[in-house]
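What follows is a single structure, written as C-alpha cells, with notes after it.
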Amino acid sequence: MENWDKLSKMPYKDIKEMQDRKLRAFIGNQIYLYSPYYSKLLKDHKIDPLKIKGIEDLKHLPFTYKWDIAPTDDNPKKHKDFVIRPDEEVTEKYGHLAKMSMTGGKDMVEDRVYDFKPVHIHFTTGRTALPTPFVYSKRDLENLRESGTRLMNVFQFTNKDIFINCFPFAPHLAFWTSYFGAEKMNVAGFHSGGGKIVGTNNLMDAFEYMRPTVSVFIPGYCYYFLREAVKQGRDFSSIKKIFFGGERVPPGLKDKIKELLTQLGAEDVMVLATYGMTEAKVAWGECPSHDEYFGYHTYPDMEVFETIDPESGEPVGEGEEGEVVYTAIDWRGTAVLRYRTGDIAKGGLLYEPCPNCGRTVPRISSNIQRKSEMKEFSMTKVKGTLVNLNNFFPLLMSHPDVEEWQVEMRKRNNDPFDLDEIVLYVAPMGDINRDSFVADIKQKVLRDTEVSLTDVIFKSVPELIAQLGMETELKEKRIVDKRPTT
Ligand SMILES: [Zn+2]
C-alpha cells in the first residue's frame, strides 16, 4: 500500500496511472492464477488477462452480484471460489522449496502464509439470505489497520483523542475497523461492545469517567443512548466528534443527535458518517464539516470505483448519479471485481481535489441511497404495490414528534391469503395531539412510500425499546415482516 499523506496529495493523473498498474498486476498475478471463480469467468468469456491494461478495460469484465457469492443450500461453499488461494500450489511447489533450502525456503513459506492464509473473517448481515463470509490474510489485516487510520485521519482524529467504541462485538467491519484503526494510531480506547455487552448504564458511567473526545455508534442505538443520558442528567461535555457506522444516517437524525449532545453539555459536536461494505473489506470517512457535504474519501491504492447506470450497466460521467461498483486491486483473501453494490451515489464519483481538505483521492458523493443494509427488504410488495422501505427511515427518524418507531408488515388475521397490513408502532415525543399526529403521519407515509398505513399503535418508549431489540440485537429491528410465507 502507498503512503496516505503522499497519496492524498498526488495529482489524479498519477493516481490513475498507479491504479492501472496495480489492476494489471492484480489480475495477471493473483486473480487469473489463484481465484477459482474469476479464473473460470475469464476463461469462459475468452478474456485474455493481458488485455486488461487499465481501469478503462474493466468494462470487458462481467459484473459480480451479491447472489454470485452468497451461499445457498445447494452450494453452501460458493464464497470459497472468491478467495485467492494458491494452496495446492503452495504445498506442491513451495513445500518442496522449503526442503531444499532451510533458510530461504522457510522465509518463502512464511511470506506465502502472511500473504494468503486466512486469519480473520467478517460476515455480511443478510436478513433473509445466508450470511456470506469474507476472509482476510495477515497482509489484508495490514490493509484493514491502515484503512482504519486513514478514516480517522480524514476525521482529524489524533492519538491525543480518547475514544469509546460502542459498536457491538461482532464479525463486522464497523467494530474491527474502529478497533484496528485506533490500535494502529496508539489511541487510548475503550472497545466496549456497546450497551448490549456492558449495559447502557455502565456505558454512560464510562463516558463520564473516561471523558472521551470521540465515540462511534450504530445510529439507532446512539439516539437511544443519548436520550437516556439526558433523562439521567449526565455530563458528556468532553465529546467533540461522533461517527456512525453500520447503517445509513438520515440527515434529520444528525440534527437530533447534535441537539441531545448540547443538552449533555457538548458544544459544536461533529456528527460524521462512514460508508463501508463487507465486500470491500474497508470503510471510508466523510470529509468533516458542520453543514456541507463533501463526500467520502476513498483509498485508490486498494480499490477502483466505477459508477454506472443501474439499468443499462453503462458507465456514467463524473459527478453523475449512478450505482457504485467496486473492484479490489490489492487484496488477498476474498476479493471481488466489478461488484454491484446496489448503492446509488446521487452526486456520483468526484475526481477534483476536495474543496474542504484538498485531498486528491477520488470521492464518492455524500448522498448515497444505501440499499445494502437491508437489500433483501428494500423493495417489497405490500398490498400489491412495490414499496421502497428505505423511505420510512428519513421520514420517521427526522419527524419531530417521533421518539421511537417500528414498522410491521403482517397479514390480516395472520392468514397468508388475506390482505397485507402495514402497522406503525410509535412512541411519541412528549405530549402530542394524537389524532392530528395520526392524520399527519398517515398522509406523509402515503406521500413517501405510496402505501397507506393500516394502523398507528401508540407504545411507551420502554415497550418499543424491547420490541426493537435495542439492547439485545446487533442492529435494532426497525422494519419487521411478519407475513407468513406461503
Ligand atoms: Zn475532504
Next on the checklist: Quick check on the stretch 286-294. Is at least one of its residues in contact (Cβ under 8 Å) with a residue 12 or more places away in the chain, crowded, with 22+ Cβ neighbours inside 10 Å and under 21 Å from Tyr221 (Cα atoms)?
Outcome noted: yes
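This table checks each residue for (1) more than 26 Å from Val336 (Cα to Cα); (2) at pLDDT 80 or above; (3) surrounded by 13 or more Cβ atoms within 10 Å (Cβ to Cβ).
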site	(1), (2), (3)
Pro86	no, yes, yes
Val90	no, no, yes
Tyr94	yes, no, yes
Thr103	yes, no, no
Pro118	no, yes, yes
Checklist entry - Which of (1) at pLDDT below 95; (2) closer than 23 Å to Lys241 by Cβ; (3) under 16 Å from the mean Cα position of the chain (by Cα) is the odd one out, the single condition Tyr293 does not satisfy? => result (3)
Item to check | Scope the stretch 411-425; condition closer than 26 Å to Val461 by Cα and surrounded by 18 or more Cβ atoms within 10 Å (Cβ to Cβ); matching residues | outcome: Glu421, Ile422, Leu424, Tyr425
Checklist entry - of a type in the set (A, V, I, L, M) and under 30 Å from Lys196 (Cα atoms): does that describe Leu453? => result no
Next on the checklist: I'd like to check something: does the stretch 34-57 contain any residue that is at pLDDT 90 or above, in contact with a Ser or Thr (Cβ under 7 Å, 6 or more places away or on another chain) and of a type outside the set (Asp, Glu)?
Outcome noted: no
Item to check | Residue check for Leu464: touching a residue at least 12 places away in the same chain (Cβ under 8 Å) and within 28 Å of the chain's Cα centre (by Cα) | outcome: yes
Item to check | Residue tally, condition part of a loop (DSSP other than H, G, I, E, B), under 24 Å from Pro484 (Cβ atoms) and in contact (Cβ under 8 Å) with a residue 12 or more places away in the chain, over the stretch 416-442 | outcome: 3
Item to check | Residue under evaluation Phe393, criteria (1) within 31 Å of the chain's Cα centre (by Cα); (2) among the aromatic types (Phe, Trp, Tyr); (3) surrounded by fewer than 15 Cβ atoms within 10 Å (Cβ to Cβ), criterion not met | outcome: (3)
Checklist outcome for this item: Screening Val423, Val438, Val407, Val361 for residues that are under 26 Å from Phe294 (Cβ atoms) and at pLDDT 90 or above leaves only Val361
Next on the checklist: Please pick out the residue among Gly252, Gly199 that is in contact with a His (Cβ under 9 Å, 6 or more places away or on another chain) and either hydrophobic (A, V, I, L, M, F, W, C) or surrounded by fewer than 18 Cβ atoms within 10 Å (Cβ to Cβ) (or both).
Outcome noted: Gly252
Next on the checklist: Quick check on my filter: what residues within the stretch 43-56 are touching a residue at least 12 places away in the same chain (Cβ under 8 Å) and under 31 Å from the mean Cα position of the chain (by Cα)?
Outcome noted: Pro49, Ile52, Lys53, Gly54, Ile55
Item to check | Count of residues meeting criterion [outside any loop (DSSP other than H, G, I, E, B) and either over 15 Å from the mean Cα position of the chain (by Cα) or away from the ligand (no atom under 14 Å from the Cβ) (or both)] in the stretch 276-287 | outcome: 7
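Yes/no per residue for (1) touching an Asp or Glu at 6+ places or on another chain (Cβ under 8 Å); (2) more than 28 Å from Glu403 (Cβ to Cβ); (3) at pLDDT 95 or above; (4) surrounded by fewer than 20 Cβ atoms within 10 Å (Cβ to Cβ):
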{"site": "Cys166", "(1), (2), (3), (4)": "no, no, yes, no"}
{"site": "Phe169", "(1), (2), (3), (4)": "no, no, no, yes"}
{"site": "His172", "(1), (2), (3), (4)": "no, no, no, no"}
{"site": "Thr177", "(1), (2), (3), (4)": "no, yes, yes, no"}
{"site": "Gly193", "(1), (2), (3), (4)": "no, no, no, yes"}
{"site": "Glu208", "(1), (2), (3), (4)": "yes, no, yes, yes"}
{"site": "Ser215", "(1), (2), (3), (4)": "no, no, yes, no"}
{"site": "Ile218", "(1), (2), (3), (4)": "yes, no, no, no"}
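One line per residue, one yes/no per condition, for (1) part of a loop (DSSP other than H, G, I, E, B); (2) away from the ligand (no atom under 16 Å from the Cβ); (3) over 24 Å from Thr124 (Cα atoms); (4) modelled with pLDDT of 95 or more:
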| residue | (1), (2), (3), (4) |
| --- | --- |
| Ser289 | yes, no, yes, no |
| Pro310 | yes, yes, no, no |
| Glu318 | yes, yes, yes, yes |
| Val325 | no, yes, no, yes |
Checklist entry - Within the stretch 347-364, can you find the residues that are near the ligand (Cβ under 8 Å from one of its atoms) and part of a strand (DSSP E or B)? => result Arg363
Next on the checklist: For a quick check of your reading of the model, give me the residue pairs whose first member lies in the stretch 109-120 and is under 20 Å from Phe26 (Cβ atoms), whose second is of a type in the set (Phe, Trp, Tyr), with beta-carbon atoms closer than 6 Å and at least 6 apart or on different chains.
Outcome noted: Arg112/Tyr94
Checklist entry - Counting only residues that are acidic (Asp, Glu) and buried (at least 16 other Cβ atoms within 10 Å of the Cβ), how many does the stretch 57-82 have? => result 2
Checklist entry - Are there any pairs with C-beta distances below 9 angstrom linking a residue in the stretch 130-157 that is within 16 Å of the ligand (Cβ to nearest atom) to a residue that is of a type in the set (Asp, Glu) and modelled with pLDDT of 95 or more, with the two at least 6 apart or on different chains, and if so which? => result Met152/Asp161; Asn153/Asp5
Item to check | Scope the stretch 43-62; condition outside any helix (DSSP H, G or I) and touching a Leu at 6+ places or on another chain (Cβ under 9 Å); matching residues | outcome: His45, Ile47, Asp48, Ile52, Lys53, Gly54, Leu61, Pro62
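The values are calculated or read from the model by the stated rules, or taken from the named source; none is laboratory data. Values in this document were obtained by computation on a predicted structure and should not be read as measured data. In this analysis, Cβ positions are derived from the backbone assuming ideal geometry, glycine residues included, and neighbour counts consider all displayed protein chains.
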